[in-house]
1. Does residue C:20 meet the test of being crowded, with 16+ Cβ neighbours inside 10 Å, more than 7 Å from every other protein chain (Cβ to nearest Cβ) and in contact with a Phe, Trp or Tyr (Cβ under 6 Å, 6 or more places away or on another chain)?
2. Test each condition in (1) buried (at least 24 other Cβ atoms within 10 Å of the Cβ); (2) over 21 Å from residue A:371 (Cα atoms) for residue A:507 and report the one that comes out false.
3. Kindly indicate whether any position in segment B:63-85 is part of a helix (DSSP H, G or I), within 14 Å of chain A (Cβ to nearest Cβ) and either in contact (Cβ under 8 Å) with a residue 12 or more places away in the chain or over 27 Å from residue C:130 (Cα atoms) (or both).
4. Can you report the number of residues in segment B:40-54 which are of a type in the set (A, V, I, L, M, F, W, C) and more than 7 Å from chain C (Cβ to nearest Cβ)?
5. Quick check on this structure: which one of C:72, C:67, C:60 is within 7 Å of chain B (Cβ to nearest Cβ), farther than 26 Å from residue A:743 by Cβ, in a helix (DSSP H, G or I) and within 24 Å of the chain's Cα centre (by Cα)?
6. Being surrounded by fewer than 16 Cβ atoms within 10 Å (Cβ to Cβ), among the polar types (S, T, N, Q) and modelled with pLDDT of 90 or more is the requirement here; does residue C:25 meet it?
7. For the condition at pLDDT below 90 and in the same structural domain as residue C:24 (by TED's automatic domain parsing), what is the one hit in C:75, C:97, C:102?
8. Tell me, which helices (runs of 4 or more DSSP H) lie completely within segment A:179-267 with 1 or more residues that are at pLDDT 90 or above, within 24 Å of residue A:601 (Cβ to Cβ) and touching a Leu at 6+ places or on another chain (Cβ under 6 Å)?
Amino acid sequence: MDGLFSIVPLIILAPFTGVLINVFFGRKLMPRRDSVAPGVIASSMAGFSFLIAVLMFFALLANPAGAEVPVLTWINVGDGDFTLHIPWTLKVDTLSSVMMLVVTGVGTLIHIYAIGYMHGDIDEKAASRGLEGEEALDFKRRRYARFFAFFNLFLGSMLVLVTANNYLMMFVGWELVGLCSYLLIGFWFDSPEKNEAGQIIGVLNSSAGRKAFVVNRVGDFGMLLAIMLIFWSFGTLEFDDVFARAECMIEAPQAECLTLSAAELAPQGEGEAAAEEHGEGEARALTTPIALGPFAPTLGVVVTAITLLLLLGATGKSAQIPLFVWLPDAMAGPTPVSALIHAATMVTAGIYMITRSNVLYAMAPVSGMVVAVIGGATAFVAASIAVAQFDIKRVLAYSTISQLGFMIAAVGLGGYIAGIFHLATHAFFKALLFLGSGSVIHGMEHGHHHAHGQGEHHDAPHGEDERPFDPQDMRQMGGLRKHMPVTTWVYIIGALALAGIPPLAGFWSKDEILLDASLNSTLVYILLTVAAFFTAFYMGRQVFMVFYGSERTEAARHAQESPPVMTIPLIVLAGLSVVGGLINLPVGGLHPLGRWLEESVANAHIASFNILVATISTVLALVAIGLSYLLYGRKPLEEGEADPLYSTGPVFTFLNRKWYWDELYAAIFVRPYNRLGDFLANAVDWQFWHDFVHDRIIADAFQGWAAILSRPIDLGIVDGAVNGVAQLVESTSRSLRRVQTGYVRNYALAVLMGVVAILAYLAIRFLV
Amino acid sequence: MLNETVFLVPTSYFVILSAVLFSIGVAGVLLRRNAILIFMSVELMLNAANLAFVAFARSLLDQGGQVFVFFVMTVAAAEVAIGLALIVAIFRSKRSTDIDELNSMEG
Amino acid sequence: MPGVILFAILALVAILSAIGMLTSTNAVHAALFLVINLACIAVFFLGLSAPFLAMVQVTVYAGAIMVLFLFVIMLLGAERVPLSSRLRWQAPLAIALVLALLAVTLLVAFSPQVQGNLVNPRPVPPEAQGFGSPQAVGETLFARYLLPFQMVGLLLLVAMIGVVVLTKDERKPTGHISENAQASDRAA
């Protein structure tokens, strides 16, 4: 069975093959407007990856220890004391296997969904640009193939990340994922998101992509610093070696541990022993000095620094306070992209990374606490913001941030199993919700076109203000239950799962997080519980606003169910959302996922089910849903009616404006940065550097020097020498030409001179 | 008829006479500017040389010298014919036999 | 001794006639001076056992060549030949060089190396009877020097052709034809 591990590189190879096919042949694969070949290729590549992931799962069942499959050596420099050896080796263990299954499984379903969704989306964009006939077909060919190339690249990048066996390779995947998010969020980079009135609605897609990229760079900067610090301290970047050496350094001096590698370490028992030991040694300070240049901080300080820097990376990628601001704007991308980013690929990277580094976090309790508090705070803040949003995807975006806060809080408190568990279940229902919202948007757009296609130009005011048509605005929906039954039902399932209603998937995983929180930190527990309450409320609000009540616009009245290629993935995901909790059912000491992850997560501990915590959260969720029913369900919003939450006045505005985070960042970072950039560009670079240093000092000095060189030296000496030689030759020849008199007798005289001279010479020779 | 024995003077006398006549010929070439006179001077130089040839032929009793003189006379005849023809041609265009007029090759 | 006196007289005549030619301002006089000089040399040839050459000298030089000279002089009407006046600076230099040439020649001629090897003429021995006679010279010419003789003949032929080419009148009669043509055109 071990041999089966060796096929794991195919899991990465398949999506990248799909990328190449779609990049080079994607356009040729679309002879007609309704061709789906690029999407089918991308989906089958994703499906193939999923198949490999399943095979890996079975291989791990037989051999839970997993394997490391070397692909190639990337960096190999240095010798003796200093070596940097970075292989590209794929690590297959239970943790990465869970990630692979989630990423490829959910990813595949999203790929399939995108086959249908992107057809509609691209047609819509082509129509809005006034493209027709061959132009529209060409536009569609390019965009469709490009989309699936990016999509496969995204999937492959995430797999590079989760299969890495060292921090640097993980960083490669980390950056690739960031790049893909930039490419996909800005997929409609040339589209200003204008409505028919010519007004710009929503953010510009390219600036959203840029924002995601730049904000992620901040986190990546922390990640990179952490990686450097790890290498400096431990002399390696491979996960197992780093952890083995870190644990070794608790007891022994640094130098003794630097040659240690995980392979030499006794395999199973000692690792756990170290974990145990660490458990009781938590109070004990980690005082081993670590040589870092001129400093020698203690191991505890170093590990805390490393873990905090890693946390900075995680807050960037997993959208936590303070770096979460990019995620809501990432809604600008096509809906399948949102689903892929939120559910399967990008944002889970931070949780995975912290879980992977659990040994280090266990050694740094301060960092763990910081992580937990940040997670809890993020969960609370984002959930409260989600309550006051009107954009269907924006609500889900803040919901994602909030749920990621749950996971981060869990891993910060040492509940790695709970965190990964929630990651998996969240992937199911969040993908479901996003794809469902995509289906709603698709239906709304369809209805909009249908309504206007019949010539009933119906731009009458629909909301509290004269708002143009926006297929994502929940205030313009309502009553979609009648038009989109399948979407409605799967959406309700997803919402209930997210709200944490038993026995759906979200209940089990969220409950386990709350349990860990209740055991370790009251503050975090309270934050998370309130967040869970908000979660149930805003999901209830969303469902009631979107699917119940009466249609508030013509578009909603003409909305249409999506095609099967979109609804079937939804149904599959709905099924997973229902039964997803089974993978870690805490009944009867089962905990399958916990047992599974124990193999690879050294500090995993299985929490037992607590009926009190479960009851509190369930009751709160039900209360929140009831509240939302009171506000939105019992008396649905009518056309032009304002949201009942407006009655809370400034509180609502505060939440609607997202706690003014963007404004705060604009004031603290963006505007000073722009001003600094302006100053640097205009004052320092242009005026000082260009005008003064270059034009005045360097150019003038150069010209002065050149003037010296050109006039006195070049013209005077060099040209003088050349011209002097020429003049000498000229004057010499001018005088010599007078010899050529043209008189024959002169020549005869000259001949005679020669004759006399030669004769005299011969005579002297003869006579003397 | 001159008795050949009457003329048994030392060879060096002839050499001196030959040299003097040759030098006069040279002076004529260099000093006169009339083409005809220059040709006459050249003839004089050739005759001076012929005299030396014949004198040595007599003292060495070798007829080769006399044959050479014969050739020289022949060549001189050819030379005079060509030279005078040239003078006639030049005179036709320049209306002069003064070779100092022919300085169009001046550098 | 009478030979020496005779030689001296003849040599004097030859030199004087040469100087006369050199300084004459009349081309005809110069030609006549040269004839005197050539005649003197012919006499020398006669005394040096070269009667054939003496005859050739008189007929070819004094006869043919000098007649040709006089003919050309008369033809061109160029009797007046003033002494050199344009290249004044050349005259002293030329005289100095000529004297230097003469000095070098005489120096060599009277050097002991040459004087010691110089053979003075003696009476023709019996076995060399007929030395310089037309018959003897003819035999030598046609036996030993046949090829040079032929070459000289060729040279004379080329010279003859050259003279014909050089002296041919290059004026063409085209002008007359065109004039006639124009005249006839006018007449018509």
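The values are calculated or read from the model by the stated rules, or taken from the named source; none is laboratory data. Predicted model only: the values in this text are computed from it and were never measured. For neighbour counting, all protein chains shown are included, and Cβ atoms are generated from backbone atoms with ideal geometry for every residue, glycine included.
1. Working: crowded, with 16+ Cβ neighbours inside 10 Å: yes; more than 7 Å from every other protein chain (Cβ to nearest Cβ): yes; in contact with a Phe, Trp or Tyr (Cβ under 6 Å, 6 or more places away or on another chain): yes.
Yes.
2. Looking at each condition in turn, residue A:507 falls short on (1).
3. Taking segment B:63-85 first, the residues part of a helix (DSSP H, G or I) are B:63-85.
If we keep only those that are within 14 Å of chain A (Cβ to nearest Cβ) as well, we get B:83.
Filter once more, keeping what is either in contact (Cβ under 8 Å) with a residue 12 or more places away in the chain or over 27 Å from residue C:130 (Cα atoms) (or both): B:83.
Yes, some residue in segment B:63-85 is part of a helix (DSSP H, G or I), within 14 Å of chain A (Cβ to nearest Cβ) and either in contact (Cβ under 8 Å) with a residue 12 or more places away in the chain or over 27 Å from residue C:130 (Cα atoms) (or both).
4. From segment B:40-54, those of a type in the set (A, V, I, L, M, F, W, C) are B:40, B:42, B:44-46, B:48-49, B:51-54; that's our starting set.
Filter again for more than 7 Å from chain C (Cβ to nearest Cβ), leaving B:42, B:45-46, B:48-49, B:52-53.
Final tally of qualifying residues: 7.
5. Values: C:72 fails: farther than 26 Å from residue A:743 by Cβ; C:67 fails: within 7 Å of chain B (Cβ to nearest Cβ).
Only one candidate qualifies: C:60.
6. Values: surrounded by fewer than 16 Cβ atoms within 10 Å (Cβ to Cβ): yes; among the polar types (S, T, N, Q): yes; modelled with pLDDT of 90 or more: no.
It is false that residue C:25 is surrounded by fewer than 16 Cβ atoms within 10 Å (Cβ to Cβ), among the polar types (S, T, N, Q) and modelled with pLDDT of 90 or more.
7. Details: C:97 fails: at pLDDT below 90; C:102 fails: at pLDDT below 90.
None of the other options fit; the residue is C:75.
8. On the way: elements: A:205-234, A:239-251, A:254-257.
Filter on segment A:179-267 gives A:205-234.
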